[in-house]
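Some notes on the structure that comes next.
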Amino acid sequence: ALLWMIGGSLVIFLRGARRTADPERRAVLHGVAAVLNGVLTAGIFEYNLGDSEVLQLFLGLLVVGYFAVDVE
């Protein structure tokens, strides 16, 4: 379920970045997608979402990404 949520979020952020004309919003969405990829890549070698600091950063950036997609 977690991989489905992360994969769906990644698709939503990249679609939003492709559809927007605002370069700042596009940069935010690409940055959030890069952080998602980084957390997943680091998670291959270590269980990093179990740490509260990493989880707070991860969930906070998900909120920022969804806010950037939703604001039109």
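Figure note: 20, 41 ranked by solvent-accessible area, largest first, 1.4 Å probe, ligands and nucleic acids not counted: 41, 20. Round to the nearest 10 and give me the degree value, 0 to 90, for the angle of helix 23-45's Cα axis relative to the longest principal axis of the chain. Around 20 degrees separate the two axes.
All C-alpha pair distances within the chain, sorted into 5 Å bins from zero, spread as 3, 17, 28, 25, 14, 8, 4, 1 percent across the bins. When the solvent-accessible area of the chain is split by element, carbon and sulfur atoms take up 66 percent of it, the probe being 1.4 Å. Each label point was placed 7 Å from the Cα along the Cα-to-Cβ direction; for residue 51 and residue 3 their separation is 2.3 nm.
Select from 59, 29, 1 the residue farthest towards the positive end of the dipole of the chain; place +1 on Cβ of Lys and Arg, -1 on Cβ of Asp and Glu, and compute about the Cα centre. So the residue furthest toward the plus end is 29. Model label points for residue 44 and residue 21, set 7 angstrom from Cα along the Cα-to-Cβ axis, are 3.9 nm apart. Accessible area per residue for segment 12-72 is 69 Å², calculated with a 1.4 Å probe on protein heavy atoms, without ligands, DNA or RNA. The long axis of helix 2-19 is offset from the longest Cα principal axis of the chain by roughly 20 degrees.
The values are calculated or read from the model by the stated rules, or taken from the named source; none is laboratory data. The model shown is predicted, which means the values in this text are computed figures rather than measured ones. Note: ideal-geometry Cβ built from the backbone for every residue, glycine included; neighbour counts use all protein chains shown. Each accessible area value is taken on the protein alone, full model and side chains, heavy atoms only, with ligands, DNA and RNA left out. Shrake-Rupley method; radii C 1.70, N 1.55, O 1.52, S 1.80 Å.
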